[in-house]
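**Q** This is the structure I have questions about; it appears just below.
Laboratory data are not the source of any read-out in this text; all were calculated from the coordinates shown. This structure is a prediction, so every number in the text was calculated from the model and none was measured. Counting neighbours? That spans all protein chains shown, and the Cβs are built from the backbone with ideal geometry, glycine included.
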Amino acid sequence: MLDFNISLSDNVDATQLFDLIIIGGGPAGLTAGLYAARYKLKTLMIEKAAVPGGQLIATQWVENYPGFPEPVLGQTLAQDMEKQARFFGLEIVRENVISTTLTGEVKEVTTEHNTWKTKTIIICTGSSPRLLDIEGEAEYAGNGVSYCATCDGPFYPDKVVAVVGGGNSAFEEALFIAKYARQIYLIHRSDKYTADSILQERVKAEPKIMLIPNTTVETIDFATEPRSLKIKKADSREPEKLEVDGIFIFVGSIPNTSLFEGQIELLNGYIKSYADNATSLEGVWAAGDVQAKTLRQVATAVGDGANAAHAVNKYLIHKG
């Protein structure tokens, strides 16, 4: 059974000037908060979600995080990260950021409830699932259309579902859903998959999962029973009907950088970072998946967070 730990906001004085504000509470943000708090910086983390960990909570098992010889639950790792950071004094508020002012000696982060002031900022807003942008997707989001197998997989016991994608996320989540569903169609637009070889081997060995390559999903029709998809194979002129009870979509991600457009240097939508995770603006750093980089993993996010907090501490010491 899933056991998400809802974490409430701390009672924080919004009139004070912080040394550091961290926007986002995923692995990068939590690690930055841990390190900054241990440096005795007056640090505030602003996270809009009630559950800590960002995309980490959507990962059932983390198998490649150093120090854990056995797989660890993503949500457990996230909760432990937050607990550790709080132990050292990190303050956290659960608010949605609506605007930022990233220039000047005193920077501002405005939420729906407060305007927070700070000397420095670390942006850890991560990324969001990329949509297929097809008919029925938005209409049935949360009602048959999902982007999180950990959240919604248990709702499909002995059901038939489709999983869309060809990377690690799609293969990992298909394997997780196989614990519950009777049949899984793993649909990918190509016959070449980018998932790690070990994941491909596991998927091919799972009798519940059927690979459907060179195929796209055209529409989602969940208005009537039986629910179905219209799929189109590359070698076919007409789409065909595929009956499913739900669909899980894992076709990549997009950076959560709309708050910072026009203020900070971006590369393909991601924040361009330099040495020590610095950005194009003085006093502003970036960490985790929001950056333009090649590898986006929990381990790299944690390293980014630690490095950015260390750089902030050096910067503030230099500034006096």
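**Q** Could you list, by residue number, the cysteines of the chain that have no other cysteine's beta carbon within less than 4.7 Å of their beta carbon?
**A** C124
**Q** Would you calculate a helix-derived [θ] at 222 nm for the chain, using -39,500 (n - 2.57) for each DSSP H run of n ≥ 4 and dividing by the full residue count, to the nearest 500? List each step's numbers first, then the result.
**A** Values: 6 runs with 71 residues, N = 320.
When only DSSP H runs of four or more count, the value is -7000 deg cm²/dmol.
**Q** Here's a follow-up. What does the highest-first list of 265-273, 117-125, 214-222 look like by mean Cβ count within 10 Å?
**A** Details: 265-273: 16.7, 117-125: 25.9, 214-222: 19.0.
So the peptides 265-273, 117-125, 214-222, ranked by packing, come out 117-125, 214-222, 265-273.
**Q** On a straight-distance basis, which aspartates and glutamates could pair with K272 in a cross-link, Cα separation under 17 angstrom, same-chain partners fewer than 8 positions away excluded?
**A** Result set, ordered by chain and number: E261, E282, D289, D304.
**Q** Stretched out fully, how many nm does the piece from R182 to N214 gain, at 0.36 nm a residue minus the Cα gap? Each step should come with its number before you reach the end.
**A** Values: separation 32, 0.36 × 32 = 11.52 nm, distance 2.32 nm.
That pair, R182 and N214, stretches by 9.2 nm at full extension.
**Q** Got a sec? How would I22, I231, I57 order by Cβ neighbour count within 10 Å, fewest to most?
**A** Values: I22 35, I231 21, I57 24.
Neighbour counts put them in this order, fewest first: I231, I57, I22.
**Q** So, in nm, how far is label D221 from label K319 when the simple model puts each one 7 Å beyond its Cα toward the Cβ?
**A** Placing both labels 7 Å beyond Cα along the Cβ direction yields 5.9 nm.
**Q** Longer than 18 Å from Cα to Cα, which of K42/K319; K159/K232; K42/K314 are they? Say none if no pair is.
**A** Working: K42/K319 15 Å; K159/K232 22 Å; K42/K314 14 Å.
Over 18 Å Cα-Cα: K159/K232.
**Q** Output the peptides 82-91, 151-160 sorted from most to least packed, where packing is the average of other Cβ atoms within 10 Å over each peptide's residues.
**A** The packing order, highest mean first, is 82-91, 151-160.
**Q** Please arrange V109, V251, V312 by how many other C-beta atoms lie within 10 Å of their C-beta, fewest to most.
**A** Values: V109 24, V251 19, V312 29.
Arranged by neighbour count, lowest to highest, V109, V251, V312 become V251, V109, V312.
**Q** How many angstrom lie between the Cα centre of the range 149-191 and the Cα centre of the range 212-238?
**A** What the calculation gives is 16 Å, centre to centre.
**Q** Where does each of V290, V72, V164 land when they are ranked from fewest to most other beta-carbon atoms within 10 angstrom?
**A** Details: V290 29, V72 17, V164 24.
Ranking V290, V72, V164 by Cβ neighbours within 10 Å, fewest first, gives V72, V164, V290.
**Q** By a straight-distance test (C-alpha under 19 Å), which aspartates and glutamates pair with K192 as possible cross-link partners, with residues fewer than eight away in the same chain excluded?
**A** Partners found: E172, E173, E201, E206, D235.
**Q** Apply the a/c threshold of 1.5 to the C-alpha gyration tensor of the range 20-95 and tell me whether it is rounded, prolate or oblate. Let's see the in-between values first.
**A** Details: a/c = 2.63, a/b = 1.57, b/c = 1.68.
Note, shape of the range 20-95 comes out oblate.
**Q** Quote the charge dipole size of the range 163-204 about the Cα centre in Debye, to the nearest 20; the model charges only the Cβ of Lys and Arg (+1) and of Asp and Glu (-1). Working shown, then result.
**A** Working: 6 positive and 5 negative charges, 33 e Å.
Dipole magnitude for the range 163-204 comes out near 160 debye.
**Q** Express in nm, to one decimal, how much length is gained between T194 and L131 on full extension, taking 0.36 nm for each residue of separation and deducting their alpha carbon distance. All intermediate terms of the calculation are to be shown ahead of the outcome.
**A** On the way: separation 63, 0.36 × 63 = 22.68 nm, distance 1.84 nm.
Full-extension gain reported as 20.8 nm.
**Q** Rounded to the nearest 0.05, what FRET efficiency do T115 and Y274 give with R0 = 22 Å and r taken as the Cβ-Cβ distance? Could you check? Working shown, then result.
**A** On the way: r = 28 Å, r/R0 = 1.29.
E between T115 and Y274, to the nearest 0.05, is 0.20.
**Q** Label the chain by shape, choosing from rounded, prolate and oblate, from the square roots a ≥ b ≥ c of the eigenvalues of the Cα gyration tensor; if a/c is under 1.5 it is rounded, and otherwise prolate applies when a/b is larger than b/c, oblate when it is not. Please list the in-between numbers first.
**A** Details: a/c = 2.15, a/b = 1.98, b/c = 1.09.
Prolate, because a/c is 1.5 or more and a/b exceeds b/c.
**Q** Can you give the extra length, in nm with one decimal, that the chain gains between R237 and A138 once fully stretched, where that is 0.36 nm per residue apart less the Cα-Cα distance?
**A** Working: separation 99, 0.36 × 99 = 35.64 nm, distance 2.60 nm.
The span from R237 to A138 would gain 33.0 nm if fully extended.
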